[in-house]
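Since the structure comes first, as structure tokens, the remarks are kept for the end.
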Amino acid sequence: MKSEDTPFVGGPLDGRVLPVLLGPTGHPPKTYRVPVPDAGGGPPAVLVYRRVSAARSRRLGLHLGWRYEYDAEATRTGDSGPKWPWSKPRRST
């Protein structure tokens, strides 16, 4: 599989450039989740990064790459994907 060096902006990974696997369309995933182990042995925290366009070319406005920006709201709300109208709400255990 192909990978692309992708910069991360914000959060604990700010300023790092990591290789991210590309999908069948040649794009990295829309969200990148990083599990962080808990020091006390509890469940790991998950950091969520969202894919955004890194830049556009001046003349034609073409896309020039991707970057990931930290999404603090998704970490707090437990965002796990689209909410379909026919889906049942999740039970808390």
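Only the coordinates and a few stated rules stand behind these numbers; no lab work does. Source: prediction; values computed, not measured. With ideal geometry, Cβ positions are generated from the backbone for all residues, glycine too; neighbour counts draw on all protein chains shown.
Things worth noting here:
- Taking every DSSP bridge with both residues inside the chain, close to 90 percent are antiparallel.
- Choice from Leu47, Leu62, Leu21 with maximal GNM fluctuation in the chain (Cα, 10 Å cutoff): Leu62
- A simple rule links phi to the HN-Hα coupling: the Karplus curve 6.51 cos²θ - 1.76 cosθ + 1.60 with θ = phi - 60°, which for segment 22-37 gives 8, x, x, 8, x, 10, x, x, 5, 10, 10, 9, 10, x, 10, x Hz, with x for Gly and Pro.
- Across all directions, the average flat footprint of the convex hull enclosing the Cα atoms of the chain is 9.2 nm².
- Hypothetical label at Glu73: residues of segment 19-45 whose amide nitrogen lies under 16 Å (7 Å Cα-Cβ projection): 31
- Selected from Pro43, Pro35, Pro12 as most flexible by GNM, with the chain as the system and alpha-carbon contacts under 10 Å: Pro43
- Phi angles across segment 39-54 convert, under the Karplus curve 6.51 cos²θ - 1.76 cosθ + 1.60 with θ = phi - 60°, into 3J(HN,Hα) values of 5, x, x, x, x, x, 7, 10, 8, 10, 10, 9, 7, 9, 5, 6 Hz, Gly and Pro given as x.
- Gaussian network model of the chain, springs between alpha carbon atoms under 10 Å - residue of Arg50, Arg67, Arg58 with greatest fluctuation: Arg58
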